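Structure, as structure tokens:
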Number of protein chains: 2
Amino acid sequence: MRPTVHDIAEKAGVSLATVDRVLNRRKGVRAETVLRVEQVIASLGYQRDLAAANLAKSRVYPLVFVVPEGENSFMRGLEMAVHEARRRSSVERTDIKLLTVPPFDEGALAGALDGLSVEGLAGVALVATESPAVRRSVARLADAGVPVVTLVSDLPSARRRHYVGIDNVAAGRTAASLLGRFLSHRPGKVAVLAGSMLVRDHVERRLGFDQVMRAEFTNLEVLPVIEGRDEAEAAERLVGEMLDRERDVVGIYSLGAGNRGLISALMARGLNGKIEVVAHELTDHARQALADGVFAAVINQDAGHEVRSAIRVMKALADGVDLVDGQERIRIDIFLRDNLP
Amino acid sequence: MRPTVHDIAEKAGVSLATVDRVLNRRKGVRAETVLRVEQVIASLGYQRDLAAANLAKSRVYPLVFVVPEGENSFMRGLEMAVHEARRRSSVERTDIKLLTVPPFDEGALAGALDGLSVEGLAGVALVATESPAVRRSVARLADAGVPVVTLVSDLPSARRRHYVGIDNVAAGRTAASLLGRFLSHRPGKVAVLAGSMLVRDHVERRLGFDQVMRAEFTNLEVLPVIEGRDEAEAAERLVGEMLDRERDVVGIYSLGAGNRGLISALMARGLNGKIEVVAHELTDHARQALADGVFAAVINQDAGHEVRSAIRVMKALADGVDLVDGQERIRIDIFLRDNLP
DNA sequence: CATTTTTTGATTTACGTACATCAGAAATCT
DNA sequence: AGATTTCTGATGTACGTAAATCAAAAAATG
């Protein structure tokens, strides 16, 4: 049997009220007594029963998710996952608010964060855009004692408590490794399509991709990055121009969300299947492209997992409880035509 | 606010005791009254507060894991994951027993299951070996109302309630797809090293592998399966003989646990890096082989995830609660040299 | 109709914690 | 020393459910 507050009170020779005061850091206890009680707590290895505590407090966890709006399918999937989680709110004692902000817009993101009333907030999860204003907004929340978690794209060294998402450098390395091996020492050029170099995940993927390309696949020349702002039209146009301009393009790494445009550009030129493409995020279009042989591989992160993980992490941080690390590591999924779920 | 038993009692015009009797299927309530109360429960959308109920009952979940013993590194990892979970027992209200049985031994497994006292058992998770005796033992547990879950290797159509593990056909297909693309239309032979065709996961992986090989990579000839019983020495000897006998072996799919033996056989002949190898399970040896370029890819299932999932599933089944499906889907991890964690 | 059996209500205790109140003890100050 | 402030104890209520007891009411039985 695990020890209870009663056991502590008895062993420390104090009343239940005093134990409660110590446990919940309420004032009105002599330092000396606090120490004695804390020693007993440690010696008994007491851990509060969170379920009982939450019951007594009628605890709910008010959480906020901030996600970029727009046509980006992955973000829409993330939003759906948040709604999904919301349906479990009564069981999980959460109260989830979802905010959407214009993509790649530091001011809007910072503004949304600053607009949050900090009162009783148990956690904030945001898809981060790199900027000083956003860092300041995160710092404000942190100062107010609100656990902040970054989602999908990190903001390292900011005062976020945790990052929920894949290792994007590793994702880029994986993409390069797959592409390089699929092209097995055939010479040629490789193009990279990104959304924007303002979001960290894209920067990191590119970094990882370049690392491996340069080190292992010297037969391939990596062309300058195309920034399609994660919009289908822009991506189609830019990729089209590149394809018309360059000769010997044998591979493309699409590390952002412009997949629909990319597919159109390839199809329009009858290059589908002739160029090896590795893309990110298993959206409907990407899935179709895989099945059709337009994409060779898709690297994915599971939005449902990420949202559930973010919720677990925010609750744990709010409660000051340990995380099960392995459980919160978001993994890189690799899909080929033959392992589509 | 979600409705409580008090709300039900009030609205149904009965006492709390009667509500309790209905909710917990105790006798002593007229059929007519039961109906009325149940209607109110449905109309209010009442859901019992599991945390409060477990608190009142001082509920613990006695669980049993049955895992094959022996040198199989993956199974040892699984065992470690169970011990890890055990450390969280007090928080998760579990009481976990771990049994090990000789591998590939139907009788031993069935015996272990039959030896379990069913009293109050909240769930059993086993790594299944295909056999009528095992099916019977599973049926006995099911009859006694104990939720049974298969782990890693399934026993479909038996009375297990859930399977926790990867889709092994998809894994085999993935392996074939990777191997085929890495060898990009080079002609040659491909060998398959399995543990035993008595365990379903190995059978299914082979099936998926053959499907894709036959359909997409006709340039490659798949050699008859080598059964190494997941033992290093046997695997080394059998693979060695195969390598000495066959010419033009360009790829190997190791779908079982004989990786150490496989690596030795390749090294001894200086074939490391010359033959593309796709293997299963990211053990220490496999990791090293990946880093050294002996293995091209490793397909993995995360033992920690599987154990945690099995526990969640058994608890949910014992409580008659819905699962979050997406959360319990075990994913196929693909590791290349460049995305090793 | 009386008797037995079944059903129901009322009430209480428990689970482990949170939190509030009030009185009394101990320490600190004047 | 008396007054004030700071601690501490005792006690009770609450959270939502489980479970037990006993009495009363209703129904079924003879």
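The values are calculated or read from the model by the stated rules, or taken from the named source; none is laboratory data. Fair warning: this is a prediction, and the values are worked out from it, not measured in the lab. FYI the Cβ positions are ideal-geometry reconstructions off the backbone, even for glycines, and counts take in every protein chain you see. To get the accessible areas, we keep the full protein, side chains included, count just its heavy atoms, and leave off ligands, DNA and RNA. Shrake-Rupley method; radii C 1.70, N 1.55, O 1.52, S 1.80 Å.
Could you tell me how many of the residues in region A:45-73 are assigned to a helix (DSSP H, G or I), more than 9 Å from DNA strand C (Cβ to nearest atom) and touching a Lys or Arg at 6+ places or on another chain (Cβ under 7 Å)? First the steps, then the outcome.
Applying the first criterion (assigned to a helix (DSSP H, G or I)) to region A:45-73 yields A:50-57, A:73.
Still in the list and also more than 9 Å from DNA strand C (Cβ to nearest atom): A:73.
Remaining after also requiring touching a Lys or Arg at 6+ places or on another chain (Cβ under 7 Å): none.
So the answer is 0.
For region A:1-24: of the residues being assigned to a loop (DSSP other than H, G, I, E, B) and either under 24 Å from B:LYS57 (Cα atoms) or near DNA strand C (Cβ under 10 Å from one of its atoms) (or both), which is farthest from the other protein chains (Cβ to nearest Cβ)?
The residue in question is A:SER15.
If we keep just the residues of region B:185-204 that are open to solvent by less than 40 Å² (accessible area, probe 1.4 Å) and free of Cβ contacts under 8 Å to residues at least 60 places away in the same chain, which is farthest from the other protein chains (Cβ to nearest Cβ)?
Per the stated criteria, the residue is B:HIS202.
For region B:205-233, name all the residues that are of a type in the set (D, E, K, R), surrounded by fewer than 21 Cβ atoms within 10 Å (Cβ to Cβ), touching a helix residue (DSSP H, G or I) at 6+ places or on another chain (Cβ under 7 Å) and within 22 Å of A:ALA291 (Cα to Cα).
Hit for region B:205-233 is B:GLU216, nothing else.
In region A:239-271, which residue that is outside any helix (DSSP H, G or I) and surrounded by fewer than 18 Cβ atoms within 10 Å (Cβ to Cβ) is modelled with the lowest pLDDT?
A:ARG247
What are the residue pairs meeting all of these: first residue in region B:226-249, first residue assigned by TED's automatic domain parsing to the domain that holds B:ALA279, second residue in a loop (DSSP other than H, G, I, E, B) and modelled with pLDDT of 95 or more, Cβ atoms under 9 Å, and 6 or more apart or on different chains?
What qualifies is B:MET242/B:LEU223; B:GLU246/B:LEU223; B:VAL249/B:LEU223.
Within the bounds of region A:75-89, is there any residue that is within 16 Å of DNA strand C (Cβ to nearest atom) and open to solvent by 50 Å² or more (accessible area, probe 1.4 Å)?
no
I'd like the residue in region B:37-50 that is open to solvent by less than 50 Å² (accessible area, probe 1.4 Å) and more than 8 Å from DNA strand D (Cβ to nearest atom) and, out of all such residues, is nearest to the other protein chains (Cβ to nearest Cβ).
In this case the residue turns out to be B:GLY45.
Only one of (1) within 13 Å of DNA strand C (Cβ to nearest atom); (2) basic (Lys, Arg); (3) within 14 Å of chain B (Cβ to nearest Cβ) fails for A:LYS27. Which number is that?
Condition not satisfied by A:LYS27: (3).
Scan region A:161-184 for residues that are facing chain B (nearest Cβ under 7 Å), of a type outside the set (A, V, I, L, M, F, W, C) and open to solvent by less than 10 Å² (accessible area, probe 1.4 Å) and report the count.
Here the count works out to 2.
Quick one: which residue in B:VAL64, B:VAL29, B:VAL19, B:VAL34 is closer than 30 Å to B:ASN300 by Cβ and either out of contact with any Asp or Glu (no Cβ under 9 Å at 6 or more places or on another chain) or within 12 Å of DNA strand D (Cβ to nearest atom) (or both)?
B:VAL64
Quick check on region B:82-92. Is at least one of its residues under 17 Å from B:LYS315 (Cα atoms), modelled with pLDDT of 90 or more and assigned to a loop (DSSP other than H, G, I, E, B)?
Checking region B:82-92: at least one residue is under 17 Å from B:LYS315 (Cα atoms), modelled with pLDDT of 90 or more and assigned to a loop (DSSP other than H, G, I, E, B).
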